[in-house]
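Contents: one structure, followed by commentary.
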Amino acid sequence: MGDFIEIPADNVIEESITESPGYGSKPYLVYLSPDDSRQKIRVNTYFLPQGGNVRLCVCYDRGLCNTLEEYRRLPLSYIESMAYGSWMDGAR
């Protein structure tokens, strides 16, 4: 249980699957970090919906950017690269 955090489902910005060549088809979730006063945007590849919340394994998690405005300017290739990297982090 210590490897998981729970966030409100309202903090989820996007849920998708990597499609870039070389990354396979890894489901990922982009979310607003609830415990960060700067509201940092993060990506996670091991998540479990739980009603109005989502459980995230911290081993499969990476910081993506610092604001929602920055996130909107990120290219999809970067987001998918970070999602794949978070999956690789957790797989180790």
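The values are calculated or read from the model by the stated rules, or taken from the named source; none is laboratory data. Keep in mind it's a predicted model, so treat the numbers as computed, not measured. Cβ placement follows ideal geometry from the backbone for every residue including glycine, while neighbour counts extend to all protein chains displayed. The area values use the complete protein model at the heavy-atom level, side chains included, leaving out ligands, DNA and RNA. Shrake-Rupley method; radii C 1.70, N 1.55, O 1.52, S 1.80 Å.
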Length released on extending from ARG55 to LEU76, taking residue separation times 0.36 nm less the Cα-Cα span: 5.1 nm
Accessible area (Å², per residue) of the chain, counting only protein heavy atoms and a probe of 1.4 Å: 58 Å²
Go through 67-78, 13-24, 49-60 and give me the packing order, highest mean Cβ count within 10 Å leading. 49-60, 13-24, 67-78
Using square roots of five times the C-alpha gyration tensor eigenvalues, list the equivalent-ellipsoid semi-axes of the chain in whole Å, biggest first. 19, 16, 11
The chain, relative contact order in percent, only Cα pairs under 8 angstrom and at least six apart counted: 29 percent
